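J.: Before I ask anything, here is the structure I am working with.
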Amino acid sequence: MADTRFFDRSGPFTLAELAARIKADLADPAHGDRPVYDVAPLDRAGPADLTFLDNPKYADAFRETKAGAAVLSPKHQDKAPDGMALLLSNDPYRAYALAAQAFYPGSGGSAHFGESDIKGTVHPTAKLGDGVIVEPGAVVGEHAEIGAGSIIGANAVISRGCTIGRSSYIGPNATISHAMIGDKVIIHPGVQIGQDGFGFAMGLPHHEKVPQLGRVIIQDNVEIGANSTIDRGAGPDTVIGEGTKIDNLVQIGHNVSVGRGCIIVSQSGVAGSSVLEDFVVLAARVGVTGHLTIGMGAQIAARSSVIHNVPAGEQWGGTPAKPVSQWRREIVAVQKLGRPKKKN
């Protein structure tokens, strides 16, 4: 049900084909030949559409939906309207995401000008793989290398010596320097990668700039949201691990190491030389001071300020951040102190 002015739809697919793609089970194999033409939310889906139920909070809307098919957990089968074809998955949201990717395979990056070849400026020494698109106004510098099937958006700049892997997308007005970028990376518009880290030897008569001699390494399947910035290292590299997803307006300082599968939400900032181990989550507007380690799988609540190392697997929150259980107790205690005293 996406606007076809902006998104190209594939399909239709039979439910049996979708079940195989998303690793779901058909509740009734007799529905396997039924075609599905699109994906849609509960309140907009029609008889030819696939929808999903993940959160039981929306069970009432699910009972009223007109969708012809749905992805849902086996435990929610009894909530389905009569006649609906069911695809059963223990992770219905992920399964629905895979189905949506099948219908809209080109939706991962921002829109581009369409089918074109090389309309930007490419240095003669640069190497471009098969099917690379360089949109109007984009610049690819000397000795840069861009892998097959990648797209360089309008007015983007790929500076000297940078490498970009296969099937990656660099959005309009992004600037890439001193960087090595992997395969299937999505970099949204306005992202700035590889600029100087904030390094100065402070003192009189003036602060001396410390040359930032490292790189930015971005591994495969990373996504970086619009207007985020990632500074290159001062000597060691700044590294973003495979599968990490970074929201809009995030700042990553020099020498930071971000592990695999991390989630960093908008307006968060990570100061220089800190380490986020694999699968760390920083909610919105988290600040991490420099030279800290946040252990594997740790989660930091929104608007928290992290000034100490965080052990693996723990949930912290507050300013300064601390274990969530302690933070909640302190909030309750402060609320009690602020209550007006009862008059005798």
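The values are calculated or read from the model by the stated rules, or taken from the named source; none is laboratory data. This one's a predicted model, so the numbers in the text were calculated from it and none came from an experiment. Cβ: placed from backbone, ideal geometry, glycine included. Neighbour counts: every protein chain shown.
J.: With a cut-off of at least 1 residues that are surrounded by fewer than 18 Cβ atoms within 10 Å (Cβ to Cβ) and on the phi > 0 side of the Ramachandran plot, name the helices (runs of 4 or more DSSP H) lying wholly within region 1-119.
T.: Details: elements: 15-22, 59-64, 92-103.
The helices (runs of 4 or more DSSP H) meeting that bar number zero.
J.: Filter region 1-15 down to the residues that are within 16 Å of A48 (Cβ to Cβ) and either out of contact with any Gly (no Cβ under 7 Å at 6 or more places or on another chain) or of a type outside the set (S, T, N, Q) (or both) and list them by number. Write out each step before concluding.
T.: First, the residues of region 1-15 that are within 16 Å of A48 (Cβ to Cβ): 1-2, 4, 9-15.
If the condition is that a residue be within 16 Å of A48 (Cβ to Cβ) and either out of contact with any Gly (no Cβ under 7 Å at 6 or more places or on another chain) or of a type outside the set (S, T, N, Q) (or both), then M1, A2, T4, R9, S10, G11, P12, F13, L15 are the ones that fit.
J.: Could you count how many residues in region 198-210 are in a loop (DSSP other than H, G, I, E, B) and surrounded by 10 or more Cβ atoms within 10 Å (Cβ to Cβ)?
T.: Narrowing region 198-210 to residues in a loop (DSSP other than H, G, I, E, B): 198-199, 202-207, 210.
Going one step further and asking which of them are surrounded by 10 or more Cβ atoms within 10 Å (Cβ to Cβ), we end up with 198-199, 207, 210.
The total comes to 4.
J.: Further question on the same structure: Quick check on G214: is it over 30 Å from V324 (Cα atoms) and in a strand (DSSP E or B)?
T.: Details: over 30 Å from V324 (Cα atoms): yes; in a strand (DSSP E or B): no.
No, not satisfied.
J.: On to the next question. Restricting to region 152-175, name every residue that is closer than 15 Å to G137 by Cα, under 18 Å from the mean Cα position of the chain (by Cα) and in a strand (DSSP E or B).
T.: Start the filter on region 152-175 by keeping residues that are closer than 15 Å to G137 by Cα, which leaves 152-159, 170-175.
Adding the requirement that they be under 18 Å from the mean Cα position of the chain (by Cα) leaves 170-172, 174.
If the condition is that a residue be closer than 15 Å to G137 by Cα, under 18 Å from the mean Cα position of the chain (by Cα) and in a strand (DSSP E or B), then I170 is the only one that fits.
Residue-by-condition table, conditions (1) at pLDDT below 95; (2) not aliphatic (A, V, I, L, M):
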position	(1), (2)
L72	no, no
L87	no, no
N90	no, yes
A95	no, no
F113	yes, yes
S116	yes, yes
